Amino acid sequence: MKALVTGAAGFIGSCLTEELLRRGADVTCLVRPSTNLRWLEHSGVNYIVCDLADLSPCAGSIRGFDYIFHLAGLTKAVAEKDFFSANADCTRSLIKVIAQNNPDLSRFVYMSSLAAAGPSLDGVPVNEKLEPRPVSAYGRSKLEGERAVLEYSDRLPVTIIRPPAVYGPRDADFLVMFRMIKNRVFPYWGEGRYSMLFVNDLVNGILLSSEHKTAGGKVYYLSDNIVYTNDDIANEIMSALETKAFKLRLPGSLMPLAALIGEKITKKGIINSDKIKELRYSNWTCDAGSAMGDLGFRPKITLREGIKWTADWYRIHRWL
């Protein structure tokens, strides 16, 4: 099996690449010249060095693959146009090249996000039947990427995955919360409800979606199908770190200020004005029932186990 992975050097992409290699696949990673390959250095993969923003120099190399997993994308930015350039325009360019060079492709899997659908507005986890209502530029750009993929569904076997909050070793986003709690502070904007998924379970779901013929042309939500409050998540982190954190209650009116500070500190930080648009909504939950029924998707890692493994990895690698 020949597989191409974009975004392979990232948190989720590197885990997917490792699992593909473990299963005996011949894996090629499409990476930019500036990509940090720290998670791939000893993996034995092949490389296509090219920028998704300009595929013309390497278009001829993107051929002969059985499976293509498009995980590359931009999750944090200050300018809205950057989201659409990376998540929509690059996806549109990639799928066009793939259609031209891989007529016998078995599956193209596009990694989207729950943000493309938007939050639940009635407290019921969102499912594939609901019309997407993204509330952030990131979410709108991922939805536009989905539409670019689905335009080719009559020529290519495509599947779209919308995961919720994903966590696990190598994840730098949840690390922020771990560090805050280690410092005994738990910022609290009010009760939120979230779907979660450990990265290994997500990788398994991605591969299941590539293997099942019934998944062609479909969109799937993947989660462990349990709804957690922010207190649930914080309590598990406190337990894993063997500490207690003070719940610092912050009014919603401070959110824009927090975003401004976050953008001043780093242009790629998790706290920015676009992310604040999502945090204004308290119910980010999804229903993985379709994936469980169609694909036999069964998450194996509990939140407690996943948080503990993540905390241990952070400690071992001195991220905490």
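Tabulated results
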| item | result |
| --- | --- |
| Within the chain, percent of DSSP bridges classed antiparallel, to nearest 5 | 10 |
| Scattering profile of segment 2-63 at q = 0.18 Å⁻¹ [log10 I(q)/I(0), Debye over alpha-carbon scatterers] | -0.58 |
| Within straight-line cross-link reach of K247, aspartates and glutamates at Cα separation under 17 Å, skipping those fewer than 8 residues along the same chain | E191, D231, D232, E236 |
| Electrostatic dipole magnitude of segment 1-134 [Cβ: Lys, Arg +1; Asp, Glu -1; Cα centre; debye, to 20] | 100 |
| Sequence of M1, M180 once ranked by neighbouring C-beta atoms within 10 Å, starting from the fewest | M1, M180 |
| Those lysines that a straight Cα-Cα span of less than 22 Å connects to K2, excepting residues fewer than 8 apart in one chain | K96, K213 |
| Using alpha-carbon coordinates, inclination of helix 199-211 to the longest axis of the chain, degrees | 30 |
| Angle in degrees between helix 11-22 and the longest Cα principal axis of the chain, rounded to the nearest 10 | 50 |
| Charge dipole magnitude, Cβ of K and R +1, D and E -1 - segment 69-192, Cα centre, debye nearest 20 | 360 |
| Alpha-carbon spread of segment 135-183, three principal axes, descending order, Å | 52, 24, 12 |
| Potential extension, L250-K300 segment - 0.36 nm per residue separation minus Cα distance | 14.5 nm |
| Residue (of Y194, M238, H212) at the positive-pole extreme of segment 183-245, dipole from beta-carbon charges | H212 |
| Rel. contact order, % - alpha carbon contacts under 8 angstrom, at least six apart, the chain | 19 |
| Stretchable slack from W313 to L175, in nm (0.36 nm times residue separation minus alpha-carbon distance) | 48.6 nm |
| Environment charge of Y110, counting only residues whose C-beta is closer than 15 Å and scoring Lys/Arg +1, Asp/Glu -1 | +3 |
| Proxy reagent accessibility, fewest Cβ within 10 Å first, across H212, H317 | H317, H212 |
| Length added when fully stretched, E131-V49, from 0.36 nm per residue minus Cα-Cα | 25.8 nm |
| For segment 68-223, share of DSSP beta bridges that run antiparallel, in % to the nearest 5 | 0 |
| Cβ-isolated cysteines (cut-off 4.7 Å), the chain | C15, C29, C90, C286 |
| Cβ charges +1 (Lys, Arg) and -1 (Asp, Glu), total dipole of the chain, debye | 720 |
| Paramagnetic reach from Y152 in segment 33-68 [backbone N under 20 Å; point 7 Å along Cα→Cβ] | 47-68 |
| All aspartates and glutamates inside 16 Å of K129 as judged from Cα atoms, apart from same-chain residues fewer than 8 positions distant | E146, D287, D294 |
| Radius of gyration and Dmax over the Cα atoms of segment 38-190, both given in Å | 17.8, 55 |
| Cα-based helix-to-principal-axis angle, 255-265 vs the chain, degrees rounded to 10 | 60 |
| Two-site label geometry, L320 and A99: point separation in nm, points 7 Å out along Cα→Cβ | 4.7 |
| Part-to-part distance (alpha-carbon centres) for segment 287-301 and segment 116-148, which is given in Å | 19 |
| Shape of segment 1-109, Cα gyration tensor, a/c cut at 1.5 | oblate |
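Read-outs: derived from the displayed coordinates by stated rules, not from any lab. Quantities reported herein were computed from a predicted structural model and do not represent experimental measurements. Backbone-built Cβ (ideal geometry, glycine too); neighbour counts: all protein chains shown.
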